[in-house]
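Report on the following structure.
The values are calculated or read from the model by the stated rules, or taken from the named source; none is laboratory data. Computed from a predicted structure; not experimentally measured. Cβ atoms come from the backbone with ideal geometry, glycine included; neighbour counts cover every protein chain shown.
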Amino acid sequence: MATVLYVDDEAVIRRAVRAWLAREGHLVHEAANLAEARHVIMNHALDGVLIDLWLGNESGLALLAWIDDLDAALARRVAFVSGDLFAEDHFRLAQRFDHPVYLKPFPLRDLSLQVAAWARERRADEHDPAWRAREQAGTPAASEPTIAYPNP
């Protein structure tokens, strides 16, 4: 089981991702913006973070920079999602920093595989004292659907 944060300004997509991953046994925290995401990150030990590249008028890359300053090990376990085909600069930048980018609509199974990989990586990180301190401070005890944008 993994504990992850899914950050997306679209509530329907957040709920779908949470339901899918929870059905597989993972604990999923949600955030709609950078402030909510920071709060979750500060209060819960996470195996990974899935971030929409564009959160309304906020950038998912800004959240990555904040995470990297706080916890470099967690920053290595960040992946992005994006439905903005015109955000090529952000897309290329995320890839340049060696973070996976999942384009909407994405198969939920792809996120499942990513989260499972993070859970394995975290077990390796458990030997890191900084990670262990964060863990002790806040961890709360069929078909493959695809997320699709609703038509406006």
Checklist entry - Of the residues 49, 4, 17, which single one is crowded, with 19+ Cβ neighbours inside 10 Å, in a helix (DSSP H, G or I) and modelled with pLDDT of 95 or more? => result 17
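Conditions (1) more than 28 Å from residue 23 (Cβ to Cβ); (2) modelled with pLDDT under 80, marked per residue:
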site	(1), (2)
54	no, no
57	yes, no
75	no, no
86	yes, yes
109	no, no
Item to check | Counted residues, segment 56-71 - those being out of contact with any Asp or Glu (no Cβ under 7 Å at 6 or more places or on another chain), over 16 Å from residue 46 (Cα atoms) and surrounded by 15 or more Cβ atoms within 10 Å (Cβ to Cβ) | outcome: 3
Checklist outcome for this item: Residue pairs qualifying under the 8 Å Cβ cut-off, at least six apart or on distinct chains, with the first in segment 60-76 being of a type in the set (Phe, Trp, Tyr) and the second being surrounded by 13 or more Cβ atoms within 10 Å (Cβ to Cβ) and modelled with pLDDT of 95 or more, are 66/34; 66/38
Checklist entry - Out of all the residues in segment 21-41, which are within 25 Å of residue 124 (Cβ to Cβ), touching a helix residue (DSSP H, G or I) at 6+ places or on another chain (Cβ under 8 Å) and not in a loop (DSSP other than H, G, I, E, B)? => result 21, 28, 29, 37, 41
Checklist entry - In segment 52-86, what count of residues is obtained for those that are in a loop (DSSP other than H, G, I, E, B) and more than 13 Å from residue 31 (Cβ to Cβ)? => result 9
